1. Considering only residues that are surrounded by fewer than 24 Cβ atoms within 10 Å (Cβ to Cβ) and either in a helix (DSSP H, G or I) or of a type in the set (D, E, K, R) (or both), which ones fall in segment 145-154?
2. Being at negative phi, in contact with a Ser or Thr (Cβ under 8 Å, 6 or more places away or on another chain) and surrounded by fewer than 24 Cβ atoms within 10 Å (Cβ to Cβ) narrows it down to one residue among T359, T330, T368; which is it?
3. Residue pairs, Cβ under 9 Å, 6 or more apart or interchain, first in segment 124-138 and open to solvent by 10 Å² or more (accessible area, probe 1.4 Å), second not in a helix (DSSP H, G or I). List them.
4. Checking the conditions here, which among V127, V157, V161 is under 14 Å from D378 (Cβ atoms) and in a helix (DSSP H, G or I)?
5. Specify which of the listed residues (L435, L391, L386) is modelled with pLDDT of 90 or more, farther than 22 Å from L55 by Cα, in a helix (DSSP H, G or I) and out of contact with any strand residue (DSSP E or B) (no Cβ under 9 Å at 6 or more places or on another chain).
6. If the requirement is being open to solvent by 10 Å² or more (accessible area, probe 1.4 Å) and under 28 Å from C295 (Cα atoms), which of these qualifies: S70, S60?
7. Could you list, in sequence order, the residues of segment 243-258 that are open to solvent by 10 Å² or more (accessible area, probe 1.4 Å) and either of a type in the set (D, E) or out of contact with any helix residue (DSSP H, G or I) (no Cβ under 6 Å at 6 or more places or on another chain) (or both)?
Amino acid sequence: MSISFYHILGLIIAVVLIETVGILSVRKVNNASDFNTGGGKAGTWVVAGAIIGTLVGGQSTVGTAQLAFSFGISAWWFTMGMALGCVVLAIGYVAPLRRSGSTTLLEIVRKEYGRKAEMTGSVLCSVGMFISIIAQVLSASALLMTLFPLRFWVAAVIAAVIMTLYVVFGGLWSAGIGGVVKIILLCLSALLAGVVVLALSKGYSGLMSSINHILLHTDIQSVEGFDTMGDVNARYQNIFARGVSKDVGSCLSVILGVLSTQTYAQAIWSGRSDSVARKGAMISALISIPIGFACVLVGMYMRAHYITVEELNTLIVMGKDIPQGVAVMTSSAQAFPMFVTNHLPKFIGGLVLGTLLITIIIGGSGLTLGISTILVKDVLKPKKDLTVSRLTIVMIQIIAVIIASSFSGRYINDLGFLSMGLRTTATFVPLTMALFFPGRFKSQWVFASIIFGTACLVFAELVSLPVDSIYVGLLGSIICCLIGFKDEKRIRK
């Protein structure tokens with residue numbers, strides 16, 4: 001891999017553009033309301049930008065390409081879940097959220113079920129979002145380590161500093177306006193990458209032929225264990241390659257996670273009307289799907305032409321030959337950045353790399369803003385909201401860098417699915433009950449549902465049950481709420 005002056009120039013131009021937008025957004029921030037929800041003055045594209053800016057991050061790009069390297073088109077579930085989540089948000093949740101008059105999701109829960117439910121949900125939801133920030137740090141680090149000879153902790157610190165600078169000045173306005181710029185750059189980048197993959201492979205059938213060749217007709221077959229073309233197709237052309245329960249559960253985690261995440265609610269509250277907020281969410285849904293598919297194609301192309309260092313070492317131990325014409329990358333997490341570096345024109349590749357870095361940074365920044373808002377509004381409740389919000393953002397990023405190294409061996413999207421699951425069990429059920437069924441459930445049982453549902457999810461993750469953990473966590477939450485259901489007929493008697 002060769003990084004040229006033009007790669008660096010393109011990357012710098014893209015990063016400077018988006019950072020300038022973020023820093024200039026400080027002019028729109030006069031108080032905590034402007035910082036957290038844009039003062040309710042945002043238009044359709046700023047709402048869409050705020051949602052996409054966070055939703056399409058490292059998990060949707062670097063993480064999806066990484067997963068596609070190993071599992072093919074089933075890696076598309078993350079971005080499909082994002083799109084479906086935005087549709088449900090637009091159709092079912094925009095109006096009740098905006099009518100609530102709240103600034104956090106857990107504030108809605110508190111109004112209906114009390115302070116204990118708010119505090120517990122706030123902490124657990126923040127943990128879920130924090131895991132996603134770690135995934136963004138891992139994604140950014142993989143990108144930076146692909147470009148420069150950096151150690152992981154150096155790359156992680158650089159990523160965290162850029163994320164902090166981006167959001168700490170302009171808050172929601174940074175995430176929203178920067179997100180609009182990001183939408184344009186990311187759509188062009190993803191479209192270009194997808195077209196180049198299909199051109200280099202001579203179509204999708206050519207891409208699958210190349211994957212079949214490396215997995216069945218080279219010594220990689222002895223590492224990966226595929227015996228027939230049917231085995232390869234069952235993995236790479238199967239939308240349920242990781243199992244129906246696993247893949248559908250992962251999609252469900254993302255759908256419900258979108259509805260349970262503070263950042264996306266802030267984007268909805270930032271819109272100047274219900275119609276504007278609804279259109280912004282629908283635009284986000286439409287944009288997510290092709291971006292995800294393009295990243296899937298990139299990951300599959302890299303599987304057809306690259307092996308990882310781990311596979312290389314296994315071949316060496318087995319006394320096998322390295323396949324002719326096949327390149328080596330450090331890990332599957334580098335699939336997207338290495339494709340851009342090695343297979344796109346240099347300056348354009350630099351712009352795409354900058355866009356990819358921006359994608360990860362805005363995603364991590366938006367989630368950091370969401371956690372900060374939850375902690376400041378629901379837990380800390382200080383007198384100087386704006387100052388404390390900014391200090392909280394800095395602390396979140398410092399902790400994320402420290403913890404991220406322990407997750408470096410996992411699939412980035414697995415962290416994303418776990419993050420969405422935790423947000424769901426901590427927030428989705430009590431929030432939905434409060435918005436659509438006020439006065440129908442006893443507060444103590446809704447509070448219990450937050451704890452029990454999260455415990456069920458974590459237990460299912462730890463013991464690796466045959467069903468996806470989201471089903472177990474969601475079932476636990478619903479059972480607790482049903483126990484506390486108030487029968488109106490009995491109440492009248």
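The values are calculated or read from the model by the stated rules, or taken from the named source; none is laboratory data. Quick caveat, the model's predicted, so the values are computed rather than measured. Neighbour counts are summed over all protein chains in view; Cβ atoms, including those assigned to glycine, are modelled from backbone coordinates with ideal geometry. These area figures cover heavy atoms from the full protein model, side chains too; ligands, DNA and RNA do not enter into them. Shrake-Rupley method; radii C 1.70, N 1.55, O 1.52, S 1.80 Å.
1. So in segment 145-154, the residues surrounded by fewer than 24 Cβ atoms within 10 Å (Cβ to Cβ) come out as 145, 147-154.
M145, L147, R151, F152, W153, V154, listed by residue number.
2. On the way: T359 fails: surrounded by fewer than 24 Cβ atoms within 10 Å (Cβ to Cβ); T368 fails: surrounded by fewer than 24 Cβ atoms within 10 Å (Cβ to Cβ).
The conditions single out T330.
3. L138/G58; L138/S408; L138/R410
4. Values: V157 fails: under 14 Å from D378 (Cβ atoms); V161 fails: under 14 Å from D378 (Cβ atoms).
Selected residue: V127, the only one of V127, V157, V161 that is under 14 Å from D378 (Cβ atoms) and in a helix (DSSP H, G or I).
5. On the way: L391 fails: modelled with pLDDT of 90 or more; L386 fails: modelled with pLDDT of 90 or more.
Of the residues listed, the single one that is modelled with pLDDT of 90 or more, farther than 22 Å from L55 by Cα, in a helix (DSSP H, G or I) and out of contact with any strand residue (DSSP E or B) (no Cβ under 9 Å at 6 or more places or on another chain) is L435.
6. Numbers: S60 fails: open to solvent by 10 Å² or more (accessible area, probe 1.4 Å).
One residue alone meets the criteria, S70.
7. Of everything in segment 243-258, those that are open to solvent by 10 Å² or more (accessible area, probe 1.4 Å) and either of a type in the set (D, E) or out of contact with any helix residue (DSSP H, G or I) (no Cβ under 6 Å at 6 or more places or on another chain) (or both) turn out to be G243, V244, S245, K246, V248.
To keep it simple, each residue is scored yes or no on (1) closer than 16 Å to T120 by Cα; (2) in contact with a strand residue (DSSP E or B) (Cβ under 9 Å, 6 or more places away or on another chain); (3) modelled with pLDDT of 90 or more.
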{"position": "A400", "(1), (2), (3)": "no, no, no"}
{"position": "L422", "(1), (2), (3)": "yes, no, no"}
{"position": "F441", "(1), (2), (3)": "no, yes, yes"}
{"position": "Q444", "(1), (2), (3)": "yes, no, yes"}
